[in-house]
There are 2 protein chains.
Amino acid sequence: MSDTTATDGRVIGERALQTRRRILETTAALLREQGALDLKVMDVAREVGASPATFYQYFADVEDAIFALSVEMIEKVAPIHAQMAADWNEGASGLDHARRLVSEYTDFWDVNGAVLRIMLLRADERDERFRQIRRDYNAPFMTAMVAKVRAAQDSGRLTTALDAEATAGAMLAALDRLPNYREGFEKRGTSREAMIETVARLLYSSLTGEPFG
Amino acid sequence: MSDTTATDGRVIGERALQTRRRILETTAALLREQGALDLKVMDVAREVGASPATFYQYFADVEDAIFALSVEMIEKVAPIHAQMAADWNEGASGLDHARRLVSEYTDFWDVNGAVLRIMLLRADERDERFRQIRRDYNAPFMTAMVAKVRAAQDSGRLTTALDAEATAGAMLAALDRLPNYREGFEKRGTSREAMIETVARLLYSSLTGEPFG
DNA sequence: TCGTCTATCTGACGGATTGTCAGAACTGAA
DNA sequence: TTCAGTTCTGACAATCCGTCAGATAGACGA
């Protein structure tokens, strides 16, 4: 069922699993170093120290390997989902919880950005396979945030002029894009902490209706 | 100076200019259809009806052509900058102006998204060439938004706990990513208008300190 | 009209990458 | 050690890359 298979469909054993993993790690590393546009199967194979034929035994092409890495993002991000769900249910100081969420998610981007960027790109480019993964990856964030917005709206603290989905989406957009602007920010005097504080406050206010101050 | 040159550096004439343009338009079209990851020089050349050698006369590779398209985005987006600057200086009903900005920028993304996505991707991947273009492309938005935030903070309407650059960046993030989520939104009942209204209100409130309601 | 000059384009090439086999090498069990 | 199943790879045809030298086309003067 969830057994890993080779491109010919057969279930693979321990040795093959390790090879597959080395290919994935190498793909991720090269992705970080040189980006996706000119990442070749040959580059990965050379770096792994294997024949290109070995690569093709596990993945159809480089994009397919990045797809596998994207799938793994879903479980890698799960602890952040869990933390968020736990925090937000107990209902205590929301702003601190928002700070923690933004901080942890920014760290997550710093580590996994290279893969996440291609996942989002291919989903944006209408690839259905990646769209499904993007949905699964985003869903817990979206669900939690939409619920927050609806709750705030139901209790009258937040205007219903805001669409709950769109509000959550906008906050997710900030979470996903701001790590990519951090270097530029820092060059102009906006520290990582200031960025996190700002996004946390925007997030908190947009989801609860509390004023920014 | 701003004359267009071939890869060997010579300034090109009228006929060559048309060839170059056909290559660029074809690249943009194929980018929309099949995305960037497996867009080959051969694909473009075939579609243009020219030899690959002709392509290489004007661009080093596909990415280089996308770079040229990215450069063109700067002047293509200028009218939206201008409209925004004009609107925001006269100081009248800010929310309506925000609506117009979001609406027009969403349309801009619908037309030019394929190129914008790669511009942002390559900049995110630390390519200095694309980073420069991204800066130039974003600068007018950022400058105007940062000024708005600072003004609101100076007059005491907005908390200084928000960093001006980060706030502007977060709003830009929403503008840049939400068009990519629109199809998903619409499938779940959030119309284009609702999305625009929401982003406009978030933008307006974050830049002015006015409450969401 | 014709020939010439120059800008532009391309056929053809060596080299690299892609993707696919059949079979070689490895592994663990008997 | 032998054997059977698993995993890996050399070798190949097909395609793509990137670069020439030379072919072609358009402008212009005679």
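Counting only residues that are of a type in the set (Phe, Trp, Tyr), give me the helices (runs of 4 or more DSSP H) lying completely in region A:118-213 with at least 2 of them.
In region A:118-213, A:128-154, A:164-187 are the helices (runs of 4 or more DSSP H) which contain 2 or more residues that are of a type in the set (Phe, Trp, Tyr).
Considering only residues that are within 16 Å of DNA strand C (Cβ to nearest atom) and at pLDDT 95 or above, look in region B:31-42 and name the one that is nearest to residue B:133 (Cα to Cα).
Ranking the qualifying residues of region B:31-42, first place goes to B:36.
If residue B:96 satisfies every condition in (1) away from DNA strand D (no atom under 14 Å from the Cβ); (2) within 14 Å of another protein chain (Cβ to nearest Cβ); (3) more than 30 Å from residue B:203 (Cα to Cα); (4) of a type outside the set (A, V, I, L, M) but one, which is the exception?
(3)
Give the residue that is farthest from residue A:62 (Cα to Cα), with candidates limited to residues of region A:1-30 that are within 16 Å of DNA strand C (Cβ to nearest atom) and within 14 Å of chain B (Cβ to nearest Cβ).
It comes out as A:30.
Hey, among B:116, B:121, which residue is more than 14 Å from residue B:172 (Cβ to Cβ) and crowded, with 22+ Cβ neighbours inside 10 Å?
One residue alone meets the criteria, B:121.
Taking the condition of being in contact (Cβ under 8 Å) with a residue 40 or more places away in the chain and crowded, with 24+ Cβ neighbours inside 10 Å, how many residues in region A:197-213 meet it?
5
Count, please, the residues in region A:154-163 that happen to be out of contact with any Phe, Trp or Tyr (no Cβ under 9 Å at 6 or more places or on another chain) and either within 8 Å of residue A:209 (Cα to Cα) or not assigned by TED's automatic domain parsing to the domain that holds residue A:86 (or both).
Number satisfying all stated conditions: 1.
Mind checking which residues of region A:190-213 are at the interface with another protein chain (Cβ under 8 Å from one of its Cβ atoms) and not polar (S, T, N, Q)?
A:194, A:195, A:197, A:199, A:201, A:202, A:209, A:211, A:212, A:213
What are the residues in region B:39-63 that are in contact with a Ser or Thr (Cβ under 9 Å, 6 or more places away or on another chain) and either at positive phi or more than 9 Å from DNA strand D (Cβ to nearest atom) (or both), if any?
B:47, B:48, B:50, B:58, B:59
Just need a number here: residues in region B:57-84 that are surrounded by 14 or more Cβ atoms within 10 Å (Cβ to Cβ) and either of a type in the set (Phe, Trp, Tyr) or over 29 Å from residue B:34 (Cβ atoms) (or both).
6
Starting from residues that are without any contact (Cβ under 8 Å) to a residue 40 or more places away in the chain and away from DNA strand D (no atom under 12 Å from the Cβ), keep the ones in region B:17-29 and report whichever is nearest to residue A:126 (Cα to Cα).
B:29
Are any of the residues in region A:43-52 in contact (Cβ under 8 Å) with a residue 24 or more places away in the chain, more than 9 Å from DNA strand C (Cβ to nearest atom), closer than 23 Å to residue A:4 by Cβ and not assigned by TED's automatic domain parsing to the domain that holds residue A:129?
Yes.
I'd like to check something: does region A:134-148 contain any residue that is surrounded by fewer than 21 Cβ atoms within 10 Å (Cβ to Cβ), free of Cβ contacts under 8 Å to residues at least 24 places away in the same chain, under 17 Å from residue A:209 (Cα atoms) and not aromatic (Phe, Trp, Tyr)?
yes
Which one is farthest from DNA strand C (Cβ to nearest atom), of the residues in region B:53-75 that are polar (S, T, N, Q) and more than 14 Å from every other protein chain (Cβ to nearest Cβ)?
Checked region B:53-75; the qualifying residue farthest from DNA strand C (Cβ to nearest atom) is B:57.
The values are calculated or read from the model by the stated rules, or taken from the named source; none is laboratory data. Small disclaimer: the values here were computed from a predicted structure and weren't measured. Positions of Cβ are backbone-derived with ideal geometry, glycine not excepted, and every protein chain shown enters the neighbour counts.
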